[in-house]
Every structure is written in structure tokens, then in C-alpha cells.
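Following: one structure in C-alpha cells, then a few remarks.
Just so it is clear, none of the values below were taken in a lab; they were calculated from the coordinates. On a predicted model such as this, the values are computed, not experimentally measured, just so you know. Positions of Cβ are generated from backbone atoms using ideal geometry, with glycine treated the same way; all protein chains shown enter the neighbour counts.
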Amino acid sequence: MEVAVLKSHTFAESTKKSYASCLRIYYKFCELHNLTPWPASTENTCRYIAYLARSKAYTTIQQYLSVLGLLHLELDLPHPVQNIHSVKSLMRAVRRVKGTPVAYKLPLSVEQLKEVRDHLNINVLKDAQLWAIILCCFYGLLRISNVTVPHPSKWDPLKILQRKDVSFCSKGCIMRLRWSKTIQYQERMLEIPLPYLPGKVLCPTAALLHFFTLAGSLPDTTPAFAYKRLDGQLIAPTPASVRSCLQPLWIAIGLPPRDYNTHSLRRSGACHLLASGLPLEAIKTLGDWRSDSVFSYLKPNASQKFLLCNKGFGNIQF
């Protein structure tokens with residue numbers, strides 16, 4: 001029993017949901033073709049790849065196969081993909097046929113952030129909350145999961161940003177993250193600095209202080225961006241609730257919602273630092289990127305490339 005309880009904590013809740021979604025599609029495939037799911041033979045794995053290729057991108061198929069292989073290992077069954085030449089060969093064929101295009105959400109400019117602010121009434125608590133979240137994600141290079149809760153009424157206190165994790169000083173604000181996508185074993189605490197920009201519309205510290213003032217006194221263990229309604233109900237933002245609030249704002253300032261989401265805020269801050277001449281390695285450190293994925297989606301536009309070229313080659317004398 002104890003072993004089962006411990007094993008239930010092997011994967012994060014978000015990972016479990018992702019795996020469950022992949023598993024449902026695999027079971028549907030097996031049911032449609034009257035196949036035994038476990039273990040998956042090499043022939044049936046190839047059939048599964050062809051089935052997925054009807055509607056899925058190459059990178060998505062890779063993820064589904066990875067989950068299938070991992071579940072086999074969890075059940076102490078032979079890995080159906082690893083070092084199987086026919087499977088690797090078929091995946092190369094899928095990649096050649098479908099390609100591997102990657103569509104990242106677009107960043108916003110500082111001017112567009114100002115336009116977003118113009119469509120908010122920050123004296124209304126909900127708008128003040130949203131504006132504080134927007135600026136904290138932009139300046140802190142934060143993922144939306146860093147400043148929200150996974151469910152509107154239940155969450156793990158050890159995995160959320162609490163009010164006590166936010167402190168202010170003359171230079172600005174410090175947010176202390178005890179859990180994130182890259183911190184899942186309580187191995188460290190990440191300190192996120194937010195600047196104080198007196199008199200600036202886009203000041204994150206001022207936006208956060210303003211929201212806290214409107215939200216009033218709440219226990220230190222309350223989610224940092226939560227507030228209480230007049231009926232006493234605690235309103236804590238979730239990734240879905242923030243996205244639903246942002247979509248009409250994208251439309252209001254003339255941006256297609258399909259190209260922008262909450263991750264645009266994190267990317268916007270990183271792109272702004274890149275345009276300012278900050279080295280990519282420094283941006284990676286500030287945004288707590290553990291992998292090199294930051295290098296793949298931080299693509300400088302033409303203006304940024306000219307700026308970087310001029311900085312790099314501007315001192316040539318002849």
C-alpha cells in the first residue's frame with residue numbers, strides 16, 4: 001500500500017493529465033482496430049504511428065510515443081519504441097512528409113502593453129489583478145503557472161505563490177518561488193526581482209502594490225493574486241481565467257487571439273531584454289530556463305538584428 005501511495009507521486013499533476021490524454025487516444029486506437037493494448041508489438045506501434053499521422057504533427061506523435069514507451073516501462077514491459085529500427089524509420093518518413101514546423105505565440109511590444117493598459121480600469125479590482133499579473137509576467141519572465149493556482153477552489157499551498165512570498169523594498173519587489181516547472185523537488189528557491197519605475201505606467205511594483213491595496217488585508221498564505229468578493233468568496237486566478245480575460249484585450253488592440261496567449265507575456269519580456277542588448281545566457285538565467293529552448297523561440301526580428309549588428313560591428317574603423 002505504501003509503495004502504491006509513493007508511486008502515485010512520481011509525476012506532477014499536469015504531467016498525469018497529459019499522460020491520461022495520450023492514453024485515451026491509444027485505447028481508442030486499440031479499440032477501433034481490435035488490438036490488445038499491452039504490450040504493444042512493433043507492428044501495432046507502427047500502425048499507431050500511421051493512425052496518429054492522419055491528424056497529428058510530427059512533434060505531437062513523438063510525445064505520444066514517448067508516453068507509450070514510459071507507460072510500458074512503468075508496467076515492466078519491453079519498450080515498444082526504443083532502438084526499434086522499423087519504428088525509427090517510419091518516424092523519419094513521417095517527419096519528411098509532414099515536416100516539423102513550430103508555431104510559438106508572438107511577443108508584444110512595450111507600446112502594445114501600453115495599449116492593453118488603456119483598455120483596463122485599474123480601479124476595478126479584477127482589472128487591477130489582471131494588470132499586475134501582466135506586468136509581473138513581463139518583467140519577471142514568468143510562466144502563467146507561477147502566478148496562478150491550478151484550480152479555482154483547491155491547490156497545494158507548497159506549490160503556489162503566496163502573499164508572504166512577495167516583499168517590497170526601495171528598489172522594487174522580490175517574488176520568491178518555491179515551486180515551478182523547473183523546481184519540483186523543493187531543491188531551491190527562485191527569487192524574481194521586479195523593478196520600481198517611479199511615474200511609469202508600466203511599473204510592475206506600483207501595479208502590484210495597487211492591487212494589494214485594493215484587495216485589502218488577507219492571510220499571508222493566501223495566493224498572491226487572490227482577492228475576496230463582497231460575499232466573502234476568495235477569487236484566485238487560474239491559467240484558464242487569465243487567458244479568458246486576455247483574449248478580448250488582444251482583440252481590442254487589434255491582435256489575433258490565435259497568435260497570443262499568456263506565454264506571450266514571458267516571451268515579450270525576454271524579447272525586450274534581447275533588443276536591449278542583454279546576452280542570451282543572461283536572459284536564460286533570469287527566466288530560469290533549464291533547457292536551451294529559449295534559444296529556439298527568442299528569434300530577433302529585423303530591427304533587433306540590425307541593433308545587435310550595429311552594436312557588434314559599430315566599432316570597425318575601416
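Classify the range 110-261 from the C-alpha gyration tensor, please: rounded if a/c falls under 1.5, else prolate or oblate depending on whether a/b exceeds b/c. If you can, show how the numbers build up before the last one.
Numbers: a/c = 1.33, a/b = 1.27, b/c = 1.05.
Rounded shape, in that the Cα axes give a/c under 1.5.
By how many degrees, 0 to 90 and rounded to 10, does the Cα axis of helix 85-98 deviate from the longest principal axis of the chain?
That helix lies at roughly 50 degrees to the long axis.
Among the lysines, which have Cα under 18 Å from the Cα of Lys228 when same-chain residues fewer than 8 positions away are ignored?
Straight-distance partners of Lys228: Lys126, Lys154, Lys164.
Can you give the calculated 222 nm mean residue ellipticity of the chain, where each DSSP H run of n ≥ 4 adds -39,500 (n - 2.57) and the sum is split over every residue, rounded to the nearest 500 deg cm²/dmol? It would help to have the intermediate numbers written out before the result.
Working: 13 runs with 157 residues, N = 318.
Value at 222 nm, helices only, nearest 500: -15500 deg cm²/dmol.
Beta carbons within 10 angstrom, averaged per residue: use that to sort the peptides 268-279, 94-105, 116-127, 159-170, highest first. Please list the in-between numbers first.
On the way: 268-279: 18.0, 94-105: 12.0, 116-127: 14.6, 159-170: 16.1.
Taking the mean over residues of other Cβ atoms within 10 Å, the ranking is 268-279, 159-170, 116-127, 94-105.
Among the listed pairs Lys17/Lys159; Lys114/Lys284; Lys181/Lys284; Lys171/Lys200; Lys7/Lys56; Lys16/Lys105, which have their C-alpha atoms separated by more than 20 angstrom in this model?
Numbers: Lys17/Lys159 17 Å; Lys114/Lys284 25 Å; Lys181/Lys284 14 Å; Lys171/Lys200 14 Å; Lys7/Lys56 31 Å; Lys16/Lys105 25 Å.
Pairs exceeding the cut-off: Lys114/Lys284; Lys7/Lys56; Lys16/Lys105.
Provide Tyr64, Tyr48, Tyr185 in ascending order of the number of other Cβ atoms located within 10 Å of each residue's Cβ, fewest first. It would help to have the intermediate numbers written out before the result.
Values: Tyr64 19, Tyr48 24, Tyr185 6.
Ordered from fewest to most neighbouring Cβ atoms within 10 Å, Tyr64, Tyr48, Tyr185 come out as Tyr185, Tyr64, Tyr48.
If you average the sequence gap of Cα pairs under 8 Å that are 6 or more apart and divide by the length of the chain, what percent do you get for the contact order? Can you show the working numbers first?
Numbers: 346 pairs, mean separation 54.1, N = 318.
It comes to 17 percent, rounded to a whole number.
For the chain, divide the Cα radius of gyration by the Kirkwood radius and give the resulting Rg/Rh value with two decimals.
Working: Rg = 23.2 Å, Rh = 22.6 Å.
A ratio of 1.02.
What angle do you read, to the nearest 10 degrees and between 0 and 90, between the alpha-carbon axis of helix 204-215 and the longest principal axis of the chain?
90
Order these peptides, 219-229, 249-259, by their mean beta-carbon neighbour count within 10 angstrom, highest first.
For the peptides 219-229, 249-259, the packing ranking is 219-229, 249-259.
Using a cut-off of 15 Å between beta-carbons, work out the net charge of the residues near Cys203 (Lys and Arg +1, Asp and Glu -1, Cys203 not included). Please list the in-between numbers first.
Working: positive: Lys114, Arg117, Lys171, Lys200; negative: none.
Residues close to Cys203 contribute a combined charge of +4.
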